[in-house]
1. Select from segment 49-88 the residues that are closer than 21 Å to Glu399 by Cα, part of a loop (DSSP other than H, G, I, E, B) and either open to solvent by 10 Å² or more (accessible area, probe 1.4 Å) or free of Cβ contacts under 8 Å to residues at least 12 places away in the same chain (or both) and list them in ascending order.
2. Taking into account only those residues within segment 370-416 that are without any contact (Cβ under 8 Å) to a residue 60 or more places away in the chain and among the polar types (S, T, N, Q), which is farthest from Leu78 (Cα to Cα)?
3. Out of Asp361, Asp340, which single residue is surrounded by 13 or more Cβ atoms within 10 Å (Cβ to Cβ) and not hydrophobic (A, V, I, L, M, F, W, C)?
4. Within segment 386-394, identify whether any single residue is farther than 19 Å from Tyr437 by Cα, more than 24 Å from the chain's Cα centre (by Cα) and either modelled with pLDDT of 90 or more or not small (Gly, Ala, Ser) (or both), and answer yes or no.
5. Residue under question is Ala118, and the condition is that it be surrounded by 20 or more Cβ atoms within 10 Å (Cβ to Cβ), aliphatic (A, V, I, L, M) and closer than 17 Å to Tyr141 by Cα; does it hold?
6. Within segment 97-104, is there a residue that is over 15 Å from Tyr125 (Cβ atoms) and among the aromatic types (Phe, Trp, Tyr)?
7. Being assigned to a strand (DSSP E or B) and either among the aliphatic types (A, V, I, L, M) or buried (at least 16 other Cβ atoms within 10 Å of the Cβ) (or both) is the filter here, so list the residues in segment 243-255 that pass it.
Amino acid sequence: MVKSMEKALWRMCILSCAFVVSGCGKGELPNTYVEGSDFQYMRQGSADYVPEMQKGEDGYYFRRGEFIYYLDEKTDTLLPLCNRADCLHERETDGDRREACNAFVANEFERSNCRGIAYCNGYIYCLSIDSNAFHEKATLYRIAADGSSKEQAFRWDDIVVEDWIIHRDTLFFVERIHYFPSEHEEEESDEDIRDSFTIKKLKLTGSMEQPEAIYVLDEKNVYYLGCNWFMAYGNYFYTIISGVIAMEDGSFDSYEKTFIYDMKKEVFYELTYDGMTQQEEILSVTFWQDRILFMPIIFDGRDLETSYRRTGNIYIADLDGSNAEIFMEDVSMGYATRSDGRYLYLTNGTMVTMSDWGYWDYSEKKTFWVYDEENELVDTFVLPEAVKDFGAPAIGDAERMYTIYQEDDGSWGVLRLDKSKIGSYHGAEIDFTVIPYE
């Protein structure tokens, strides 16, 4: 107990010094995770392009379909995020009254890379997409944390907005412009014209101006499919850029790269390490002790099973990608790393899900191996059958992790998995509580 208190005081001291050294007296934040303003990386699950769960000052928020819900942890009650006394929320039958509900944010058929919510400095943000044929409108809603108000923070017309996050009062998003050639152009033009992608940022405080371009995807001979898995930590933003690249012999190869944007220096560059081969791909990062972890993967064409069962090394590097070194050796490439700030986790969740879908035979349960700050294995637990997430749900904080469940009859709620007992599971199923929406 005394040792834990000493560690806590030491961390507070370091964080306080970081605020001073980084110039926080001038309104700047330190190059570490800051609760309440930063992207909540620990609440991004294996299938979440944008997190669909967020933690606020007084509770948790969940997006389900068209509405946002608030969980009061004192009473374990789920409520629509709307405090209007005359509103029936999702039970409204009138379309106009339904859309006027403060908890209503979008139609439930939005693209998966747009669904999600973000908490930042007292507000919940949500992107709403309105598609009509080839024309699309997008609205960024800003909702008060207590559900008392909802307003349009920004709106786009005739521009496709994809993958987004909010970090330190700044919206990061992808602007995609579709190119639809006319019949005449298809016959007459030899010009190689494709959809264009631009990563942009928009400051959400002060006098809001127009978005600013960070990076235009224009590498020669690359046919881009998109940018996804946005993440941010401290002064850095991360994304995966996907596509195919035309080779000199006329063939095509996969293009999957992780890029870093330095918010202070305003430079955008690929994450690599000394000795990295052309066949290796880095697919996202995990934040651990104010550094990043990543595992280079080599894919054998379409043979995912061989690729995932191969072992490799996990590297650790500074947040800017420098000073990379081996952190953990001989780890299955099908495993994923997760972090909640206190513990580091290895999980085989994706291996289990792919087996459940019939891609290969893998008999293990969804398991989490838990490591402490000294990289010592302190516990192992398995997920209950009630958890149906692809891969693994968002890891949550050091005390709990949440995931949404839905029954066959349409009823739903959230499961709270108890991480406060880490150290005592020893391979058993993690304890959980069912919180139904009523």
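The values are calculated or read from the model by the stated rules, or taken from the named source; none is laboratory data. Everything numeric in this text was worked out from a predicted model, so none of it was measured. Glycine also receives a Cβ, built like all others from the backbone with ideal geometry; neighbour counts cover every protein chain displayed. Side chains included, ligands, DNA and RNA excluded: accessible areas come from the protein's heavy atoms. Shrake-Rupley method; radii C 1.70, N 1.55, O 1.52, S 1.80 Å.
1. Within segment 49-88, Glu52, Glu57, Asp58, Glu73, Lys74, Thr75, Asp76 qualify.
2. Asn375
3. Within the list Asp361, Asp340, the selection yields Asp340.
4. no
5. Here the answer is yes, as Ala118 does meet what is asked.
6. no
7. If the condition is that a residue be assigned to a strand (DSSP E or B) and either among the aliphatic types (A, V, I, L, M) or buried (at least 16 other Cβ atoms within 10 Å of the Cβ) (or both), then Gly243, Val244, Ile245, Ala246, Tyr255 are the ones that fit.
A quick yes/no check of all residues on (1) surrounded by 13 or more Cβ atoms within 10 Å (Cβ to Cβ); (2) at pLDDT below 90:
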{"site": "Tyr123", "(1), (2)": "yes, no"}
{"site": "Leu127", "(1), (2)": "yes, yes"}
{"site": "Leu140", "(1), (2)": "yes, no"}
{"site": "Asp146", "(1), (2)": "yes, no"}
{"site": "Ala153", "(1), (2)": "yes, no"}
{"site": "Asp190", "(1), (2)": "no, yes"}
{"site": "Glu209", "(1), (2)": "no, yes"}
{"site": "Ile214", "(1), (2)": "yes, no"}
